[in-house]
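**Student:** Mind looking over this structure? Questions follow.
The values are calculated or read from the model by the stated rules, or taken from the named source; none is laboratory data. It should be emphasised that the depicted structure is a prediction, and the values quoted were computed from it without experimental measurement. Methodologically, a virtual Cβ is constructed for each residue, glycine included, from the backbone with ideal geometry; neighbour enumeration extends over all protein chains shown. SASA here: full protein model, heavy atoms, side chains in, ligands and nucleic acids out. Shrake-Rupley method; radii C 1.70, N 1.55, O 1.52, S 1.80 Å.
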Amino acid sequence: MDTTAFSPEQIAALSAPLDRAKVQTRSQAGRSLAYLEGWQAIAEANRIFGFDGWQRETIAVQCVSERERTLGSSSRAGWGVTYTARVRIRVGDVIREGSGAGHGIDADLGQAHESALKEAETDAMKRALMTFGNPFGLALYDKQQREVTSSTAPTPARHVPAPQHNSAAAEPTAEVGLEPLDPATVQRVLATVRGLPRPALEGFTKAFRKRFQVPPDAPSIADRICQRRHHDWIEAFLVSHRSVHPAGQRQALAA
């Protein structure tokens, strides 16, 4: 991918870890699978690329199975339908494609086709978007999920942890990334950021304000860099900056 096709803000967003709060889980064949819902992938594309900054096109769709089957414990007559689809995502001059499959089960044949078709297109879209980076689910393909900002073992919402004996023990599970940074780390991060070339520094400031919703009337963001989530996001931004400007790599690493 030609990274120059994206702005520094977009590169930082695409390089950032995936927020665990956006991940869903389901049980399949006795295993717990983590995934992003279709609407979440679209919302991320709108956020990162802009509402008018990307295009989705279904370039192929095919019904590969249609058969009668019984439905549920009542053994009602119904239909099972399967579709495959291929979707193309275009962001400027960058084009990515993905293939997916969808299954529909319904007493009404038309409803079964509709469900299967929608699921196949959504699956293909998510696979195409996934190639752009972690916010679209790429991080979930790593079995250790090192680029997901939470525990490596996602827990369905219906599973409630056992009560802790004191509030201090339960506190870290409230939200990951809110731990305060020590003063030395803050100063090191600020020194590294201030050493960026002016265009990159301006891009960083704009992206940080947008990501962490810094009010427009705030004169500086320096006092906003105080938590672990800020440190991790800045680290991702610096990595993306080095990929665009290799000459600055030694300076950023030394910091």
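**Student:** Say we look at segment 102-141 and pick out the residues that are among the small types (Gly, Ala, Ser) and not in a helix (DSSP H, G or I); which of these is most open to solvent (accessible area, probe 1.4 Å)?
**Tutor:** It comes out as Ala107.
**Student:** Any residue that is hydroxyl-bearing (Ser, Thr, Tyr) and without any contact (Cβ under 8 Å) to a residue 60 or more places away in the chain - is there at least one of those in segment 43-59?
**Tutor:** Within segment 43-59 (the criterion being hydroxyl-bearing (Ser, Thr, Tyr) and without any contact (Cβ under 8 Å) to a residue 60 or more places away in the chain), the answer is no, since none of the residues qualifies.
**Student:** Find the residue count for segment 70-85, including only residues that are more than 37 Å from the chain's Cα centre (by Cα) and not in a loop (DSSP other than H, G, I, E, B).
**Tutor:** Going through segment 70-85 one residue at a time, the tally reaches 3.
**Student:** I'd like to check something: does segment 209-224 contain any residue that is of a type in the set (Val, Ile, Thr), within 18 Å of Ala13 (Cα to Cα), modelled with pLDDT of 70 or more and open to solvent by 30 Å² or more (accessible area, probe 1.4 Å)?
**Tutor:** No.
**Student:** Among the residues of segment 29-69, count how many are open to solvent by 90 Å² or more (accessible area, probe 1.4 Å) and over 22 Å from the mean Cα position of the chain (by Cα).
**Tutor:** 5
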